[in-house]
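The values are calculated or read from the model by the stated rules, or taken from the named source; none is laboratory data. Given the structure is predicted, the values throughout are model-derived calculations rather than measurements. Note that we place each Cβ from the backbone using ideal geometry, even for glycine, and neighbour counts take in every protein chain shown. Remember, those area values only see protein heavy atoms, side chains included, never the ligands or the DNA or RNA. Shrake-Rupley method; radii C 1.70, N 1.55, O 1.52, S 1.80 Å.
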Amino acid sequence: MSVSPDHLRDQGDGAAAPRRRGRFTSRRLAATVLTASVALYIALVAFGNITDFDTNQQFVRHVLAMDTTFRDEDLMWRAVTSRAWQDAAYIAIIVWETASALVLLAGTWLWLRRDPGRARAVTTAGLSMLLLLFGAGFLAIGGEWFAMWQSEKWNGLESATRIVLLSGLALLAVHATGDRESAERSD
């Protein structure tokens, strides 16, 4: 049987041995499916923001302008009314969503290739990017700093919470693949 160079690893003594691909366990299957699902979801979100640019541009503009909140004088100083800054924020969101989707697609590919160590690292990076954007960006900054929770029309907290929960669940599943497998290798 021949072994391709792609499946070789250095054992430290200069000799190459076949790289052991891990079994595709139910935990790895769950991690793969969740990673792929989140990748697809966020890719569609980014695609929608690009192809229907104006709709979500209006959302970002209204949230940052705080023009549909209770308009409390103690909070309105936080509003960002510059269209240039609003649009820059929206473009940054789209770029971050797209980058997250690409990272998660790479993670999915690595899970499918049965490279769990690299898959876990790449998937963790992509999911962390989403947790940062939707947890810190939408829930904390948008929801609290810009009082998005006060707006009946321009309130993205439910959508952001859905993405944070899905990403968090996927992150738990991804890391659940590591402990048991490490113990099995040491046996």
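Annotations for the structure displayed:
- Test: residue in the range 171-187 that is modelled with pLDDT of 95 or more, within 14 Å of the chain's Cα centre (by Cα) and open to solvent by 30 Å² or more (accessible area, probe 1.4 Å): yes
- Flag if R113 is under 19 Å from the mean Cα position of the chain (by Cα), basic (K, R) and more than 16 Å from R27 (Cβ to Cβ): no
- Selected residue (criterion: least open to solvent (accessible area, probe 1.4 Å)) from residues of the range 90-114 that are within 11 Å of M129 (Cα to Cα), of a type outside the set (S, T, Y) and in contact with a Gly (Cβ under 7 Å, 6 or more places away or on another chain): L104
- Filter result for S128 (of a type in the set (S, T, Y), more than 16 Å from the chain's Cα centre (by Cα) and surrounded by 15 or more Cβ atoms within 10 Å (Cβ to Cβ)): no
- Looking only at residues of the range 37-58 that are small (G, A, S) and open to solvent by 30 Å² or more (accessible area, probe 1.4 Å), we find that the one that is nearest to R83 (Cα to Cα) is A43.
- The range 67-101, subset under 28 Å from L34 (Cβ atoms) and without any contact (Cβ under 8 Å) to a residue 12 or more places away in the chain, residue nearest to the chain's Cα centre (by Cα): V95
- If you go through the range 59-85 and pick out every residue that is open to solvent by 50 Å² or more (accessible area, probe 1.4 Å) and outside any loop (DSSP other than H, G, I, E, B), you end up with 5.
- Scope the range 153-165; condition surrounded by 14 or more Cβ atoms within 10 Å (Cβ to Cβ) and out of contact with any Leu (no Cβ under 8 Å at 6 or more places or on another chain); matching residues: W154, N155, G156
- Inside the range 105-161, residues that are closer than 19 Å to N56 by Cβ, charged (D, E, K, R) and free of Cβ contacts under 8 Å to residues at least 60 places away in the same chain make up a count of 1.
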